[in-house]
Every structure is written in structure tokens, then in C-alpha cells.
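Working notes, beginning with the structure itself.
What follows draws every value from the coordinates through simple rules; no lab data is involved. The model shown is predicted, which means the values in this text are computed figures rather than measured ones. FYI the Cβ positions are ideal-geometry reconstructions off the backbone, even for glycines, and counts take in every protein chain you see.
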Amino acid sequence: MKSIRVGNGAGFWGDNLDAPRRLCEAGRLDYLTLEYLAELTMSILAHQKSRDPSAGWVTDFGEVIASLVPSLRAQPGLKIVTNAGGMNPRGCAAAIADVLVQQGLPDIVIGAVSGDNLFPRLDELLRAGESFAHFETGQPIDSIRNRIVSANAYLGAGGIVESLAGGARIVMTGRVADASLTLGPAVYELGWNWLDWAQRDWDRLAAATVAGHLIECGAQCTGGMFSAWRPEISLSDVGYPIAEISDDGRVIITKPPESGGTVNVETVAEQLVYEIGDPTHYLTPDVDTDFSHVRLSQVGIDRVEVSHARGAPPPETLKVSLAYQDGFMAAATLVVCGPNAVENARAAAAMILDRLASAGVRLARTHVEILGNGDTLPGLAMSPASDPWDVVLRVSAADRSRAALERFVREFAPLVTAGPPGITGYTGGRAKPHPVLAYWPTTVSRAQLNPEVVMRTAKEWASTGGKSK
């Protein structure tokens with residue numbers, strides 16, 4: 001029986017920079033995956049690329065790849081699959097190619113997978129009959145059409161499989177389904193039928209998809225955010241997850257030995273139900289997975305077996321993550337201390353809004369939170385004896401007018417001397433309004449997607465700067 005070990009060293013852009021290196025050094029991996037893209041990350045990257053055509057990719061990956069050079073040298077079988085390409089997979093490939101060439105690894109083949117970016121084609125697709133209606137409300141796209149800044153379809157594992165089959169040791173993608181980062185290596189390495197749709201082994205594809213879903217958020221399934229966490233479960237050196245996937249569809253979730261955290265049925269179960277929607281239809285571009293029959297079994301220390309995933313053909317439409325400009329927002333905080341801290345904080349918030357109204361400024365949306373008084377846990381009763389002597393007042397606001405929000409943030413400092421007693425904590429620069437990018441989930445016909453794979457050595461990528469030949 002053949003199996004592979006796939007470890008995931010990043011669950012989002014901003015995750016622990018040392019985790020990928022530590023995972024490769026201790027994990028005995030065949031594949032390292034790095035999952036960086038949240039729904040609105042693509043719009044941030046699109047904004048960066050609009051200012052600099054060579055940008056639009058996850059810059060953390062440049063630092064990560066430099067830290068992985070010793071592992072790439074010492075472990076010739078190690079491959080990396082990541083969606084760090086964001087809005088510019090080819091630009092990302094060229095940037096890391098420079099690092100590899102400088103470190104004496106010019107012959108490593110890098111595959112760049114693109115085709116997910118629908119923004120330049122929106123009008124063409126609308127004319128072709130795609131509605132891009134809001135997935136949940138059915139609202140037509142007309143109301144936001146002139147404010148759209150990015151639109152990316154979720155591709156599947158196809159481009160990853162093609163890259164690996166072409167000899168890529170590093171695969172760089174844009175927006176693909178998170179679990180596809182793991183499914184691609186499993187399909188390629190374990191010989192599962194992929195090209196003949198009618199003969200695909202949907203249950204095995206589902207098993208690897210569950211594995212990818214379990215490890216995609218990094219340490220969330222090895223003790224991070226664990227609801228039963230306790231201090232003796234060390235997270236300072238938490239081990240990031242590894243999926244052992246066998247050719248018969250058997251999956252074991254584990255972590256490097258002697259690393260912190262824990263892998264047990266409870267930690268894996270909590271990640272299993274994370275962001276899945278209908279558990280009987282977890283839809284990806286590759287397979288429709290039924291989670292309702294999945295079984296978890298503790299088969300050793302920090303080893304959980306995952307079985308009984310069931311799969312069916314995926315839908316004919318693919319998810320699209322679309323973002324649009326939705327005005328501006330700003331938020332600022334003050335510390336309120338002393339007796340009656342909660343009451344004084346609420347009065348201070350009212351003063352801010354009253355003074356704005358007196359100046360003729362009426363904001364579209366405002367929100368007041370008293371942190372330390374339970375406002376972050378609405379609906380949960382505080383202890384009757386709870387009467388904090390220090391709280392943090394946080395007031396946020398949103399509006400189409402940046403000028404209105406610039407006036408809003410100016411109303412905090414005066415409270416230091418013209419507000420209730422006990423106001424402090426006003427340090428640093430004044431808060432600034434920033435643009436809001438709102439999320440619009442929708443779908444597009446699978447037939448409208450044209451994934452493209454470009455394969456080059458690091459030396460060739462470095463010489464082209466990411467441009468097409």
C-alpha cells in the first residue's frame with residue numbers, strides 16, 4: 001500500500017513564519033502545503049497589483065521560501081504546493097525564483113496555475129448569461145457592478161495535478177479551493193483516476209478532500225482554538241498538522257513528534273465541522289463530499305484515523321469570491337477606569353455621537369462596545385458580582401463619506417479632559433478611516449473557466465520576471 005505525508009504550514013496570510021520550516025525539518029514530509037487566502041485577501045492583493053504589476057502575491061512566502069532552502073536541499077523528494085500566488089501566480093513564481101537562483105537551486109521547476117481571475121472578463125461573462133447574483137440573497141449584481149474590485153473563481157486540483165505531472169517541485173496557484181492543495185498531490189502520487197470523469201473514484205477523492213479540509217487551517221486541528229484547551233497543552237511550540245493519505249483512501253491526521261499541541265478526536269472533530277455548511281454536501285470544484293458518515297478514531301498518541309467519507313460528482317457551478325467597494329470605516333478605543341467604569345464608558349460613547357450630531361455629522365452605521373463588560377459575548381450573562389473597574393471603550397463607524405469619519409475620529413481625544421473621570425489610554429497616532437471591501441459570494445458555470453499552467457525552471461522564471469514569453 002502506498003501513502004504520502006502532506007503537512008500544512010500556514011492557515012492564513014499572517015500565520016507563524018517559522019511553522020513551515022519546523023514542519024519540514026521534523027515532519028518527514030512528501031509535500032508541504034501553505035494556505036494563505038481568506039475571502040477578502042484577494043481584493044487586498046488586487047489593490048496591490050493595481051499599483052504595482054509585479055505585486056499581488058503573498059509577500060510572506062518570499063521569506064518562507066528562503067527559510068526552506070536547507071530543507072529543499074536536504075530532502076530532494078520534498079515538494080511545495082501553495083496558493084501564495086494570489087492575484088499574480090507568475091509574479092510570485094518569478095520572485096521566489098530569484099531567491100532559489102541566489103541560493104544555488106536554479107533547476108527547481110516551478111509551475112504557476114492561473115485562470116481564476118474573472119474580473120477582466122465580467123462584462124463578457126454577463127453577456128454570456130452569467131448572472132453573478134448574490135448566492136444567499138439572490139440580489140442582482142447591477143447594484144454593485146461599478147464598485148467591484150475583484151472576482152475570483154475557486155479552481156480545483158486539476159492545475160496542481162498537471163504541474164506535478166510536468167515535473168514541478170513547487171506549484172504556485174491563485175485562488176483554488178483550500179482542500180484542493182492536498183487533493184492534487186494525492187491524485188498525482190497515488191494513481192487515482194482523474195482524467196476519465198466517468199471512472200473517477202469519488203470516495204477516495206472525498207477522503208483526500210476531508211484530509212485537506214482538516215489540515216487547511218494549520219494548528220486549528222492540533223490544539224489551537226481547542227475548546228477544551230488547558231495550559232498544560234503547550235502551544236508555544238505547537239506542531240502543525242500532517243495528513244497521511246493512503247492509496248486506498250485511508251487518512252491519518254498527526255503532527256511532528258515532540259512538538260506542542262495535541263491531536264485527538266476532539267481537536268480533529270472541531271476542525272471537521274469548521275465552515276462546512278451542509279455536512280452532507282461539502283462542495284468543492286473536485287468532489288461533492290458527504291461528511292455525515294465520517295468516523296474519527298484515536299489510533300495512537302497524536303494519531304487520529306479519518307474514515308467513511310463519501311463522494312459524488314461536483315456541481316456544474318463553481319464558487320466565486322467577489323469584492324466591491326463599500327465606503328469607509330474607522331474605529332478607536334479609550335480606557336475608562338475607576339468606579340462606575342462601565343456607566344462612564346457608555347456615557348463617553350454617547351458624548352462622541354452627540355457632539356458629531358451637533359456638528360451636522362450623521363454616520364450611516366455606528367457600534368459601541370465596552371470590552372471587559374461582556375459586549376464581545378452578546379447574550380451571555382455576566383456574573384452578578386461583576387463590576388469592572390477598568391474597561392476599554394471601542395466605538396466604530398462606517399459611512400460612504402471619508403470626511404465624516406475623519407471628523408468622527410477627532411472626537412475621542414477631547415474626552416481626556418472634557419469627558420467623564422478616568423479616561424486614559426489615548427496614545428499613539430489618531431485612528432484613520434480606511435476603505436471597506438464588502439464580500440459578494442456568487443457562482444459561475446464551470447464551462448467558463450480556462451485554467452492555465454506555465455512551467456519553468458527557477459532560472460527561467462528569474463529571467464522573465466513572471467512575464468509570458
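A few remarks follow.
- Protection proxy ranking, peptides 446-453, 202-209, average beta carbon neighbours within 10 Å, highest first: 202-209, 446-453
- Positive-end extreme of charge dipole, region 250-399 - chosen from Leu377, Pro257, Val268 (charges on Cβ): Leu377
- Using 0.36 nm per residue and subtracting the Cα-Cα separation, the extra length available between Ser386 and Glu124 on full extension is 88.4 nm.
- Dividing the summed helix terms, -39500 (n - 2.57) for each DSSP H run of n ≥ 4, by the number of residues in the chain produces a 222 nm estimate of -8500 deg cm²/dmol to the nearest 500.
- Subset of Lys79/Lys255; Lys319/Lys459; Lys49/Lys319 violating a 27 Å alpha-carbon distance limit: Lys319/Lys459
- Three-way shape call for region 323-440 based on the alpha-carbon gyration tensor, with the a/c threshold at 1.5: oblate
- Alpha carbon centroid spacing (whole Å) that separates region 272-329 from region 193-258: 12
- Protection proxy ranking for 81-87, 2-8, using the average of other Cβ atoms within 10 Å per residue and placing the highest first: 81-87, 2-8.
- Sum of side-chain charges, Leu393 neighbourhood, beta-carbon under 9 Å (Lys, Arg +1; Asp, Glu -1): +1
- The H on the amide N of Leu155, modeled in the peptide plane, is under 5 Å from the matching H of Val176, Ala177, each at least 5 residues off or on a different chain.
- Close amide H pairs (under 5 Å, H built 1.01 Å from N) link Gly86 with Val58, residues at least 5 positions away or on another chain.
- Computed lengthening from Thr424 to Arg147, 0.36 nm per intervening residue step minus Cα-Cα distance: 95.8 nm
- Dipole moment magnitude, nearest 20 debye, the chain about Cα centre, only Lys, Arg, Asp, Glu C-beta charged: 1320
- Packing, as the average of other Cβ atoms within 10 Å across residues, places the peptides 132-139, 424-431 in the order 132-139, 424-431, highest first.
- Charged neighbours of Leu29, selected by a Cβ distance under 10 Å, balance to +1 (K, R count +1; D, E count -1).
- Among residues other than Gly85 with Cβ under 13 Å from its Cβ, the summed charge is -1 (Lys and Arg +1, Asp and Glu -1).
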